[in-house]
Amino acid sequence: MANGSIVSSGQSLPEGGWSWHGGSGAMIWQLMFADSGLLFGLKRFPEQRRASLFCLDSETGRMLCDDFVLTGGADFAEPVGDGWMIGLETTHSNLLFCHGFQPGSPEHQGIWAVDLAEGTLAWGRPDVAFAANLGESVLAYKSRVFAGFPERDYFLIDPLTGREVEHIGTDPERFNALRNEAVGEEERQGVVLPSAGMDEFGHLETIRLGGSTVTVMHRLVSGGGTENAWNSVLALNAGDRLLFEDTMGQAGAAPLFNNFLVRDQRLYYIKEREMLVSIDLS
């Protein structure tokens, strides 16, 4: 299975639930949400060292775009980061903002705005780096060397066009003030992430929503000749009553931490790295 598709998760899902498979060998890596109800994602194929983007309707799981390769190298024809070293920054309207990396560094470099619902690149700025989403503008900077010393030149960019709307300059005071005013992505996108903890059996992660609780239990298991094998099991409970349970991963070399979230009364979780599952909690 090269491309993603809506498939059975192997688990009977509650009414309104859906699952989507990212393709054989895929690792669903990052998720982001647009106000319009679009769900954006980045998936990686480690054996092939390639990465691509996808877009789904968050309510139904209907695929709008899959295997979109971000291009923005020479003449905007070459894949960014050799088709592998890319990541997601933020969203604005129906646009997803992506980044590459500075050569040999974890520092982000470049901003590319993608309209995944249309399957098109809206604009690209490989010359700047993302700093913050300010809503009506994007705070960005260019790194340069002046008189032998590194410094940053700061800008405000129109999120719809990529054009510079204000040159702030090199003084970091206003830059820091603007960045400190920016709303964090978790709050801005309305995402609830799990808190981590321990019980007498091992690691667990929890999201509490009124009288409901979503818990993922990570358990170290033995047997079958596999050492350090982890099982990760998700459970949805209303009080003490179990409503739904699914195995997110089993016999893994590491527990699947931070692989679920809640947004707009929907639970999203990644199953066996390749599949995205969503449950209606309303």
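Some points to look at:
- In the stretch 42-89, trypsin sites (Lys or Arg not before Pro) in a DSSP loop with at most 11 other beta-carbon atoms within 10 Å: 49
- Relative contact order [Cα under 8 Å, 6+ residues apart], the stretch 23-189, whole percent: 13 percent
- Accessible surface of residue 21 - all protein chains present, 1.4 Å probe, nearest 10 Å²: 30 Å²
- In this label model, residue 13 and residue 181 are separated by 4.1 nm, measuring between points 7 Å along each Cα→Cβ vector.
- If you sort 64, 243 by accessible surface, 1.4 Å probe, largest first, the order is 243, 64.
- Whole-Å distance, taken between Cα centres, linking the stretch 11-84 and the stretch 237-280: 18 Å
- Considering only 197, 165, 221, and ranking their Cα positions along the charge dipole of the stretch 137-282 that arises from unit charges at the beta-carbon of Lys, Arg, Asp and Glu, the one farthest toward the positive end is 165.
- Each residue of the stretch 199-211 was assigned a 3J(HN,Hα) from its phi angle through the Karplus curve 6.51 cos²θ - 1.76 cosθ + 1.60 (θ = phi - 60°); the sequence is 10, 5, 9, x, 6, 8, 10, 9, 10, 10, 10, x, x Hz, with glycine and proline shown as x.
- Matching label, mean projected area of the Cα convex hull in nm² computed from the structure shown, candidates (i) 14.4; (ii) 17.8; (iii) 13.0: (ii)
- Probe 1.4 Å - accessible area at residue 245, Å² to nearest ten: 90 Å²
- Relative contact order (%) - criterion: Cα under 8 Å, at least six apart; region: the chain: 13 percent
- Low-density loop cleavage sites - trypsin sites (Lys or Arg not before Pro) in the stretch 156-240, where at most 13 other Cβ are within 10 Å (DSSP): 163
- Think of it this way: in the chain, 98 stand alone, with no other Cys Cβ under 4.7 Å.
The values are calculated or read from the model by the stated rules, or taken from the named source; none is laboratory data. Owing to the predicted nature of the structure, the values given are computational and were not obtained by experimental measurement. Backbone-built Cβ (ideal geometry, glycine too); neighbour counts: all protein chains shown. To get the accessible areas, we keep the full protein, side chains included, count just its heavy atoms, and leave off ligands, DNA and RNA. Shrake-Rupley method; radii C 1.70, N 1.55, O 1.52, S 1.80 Å.
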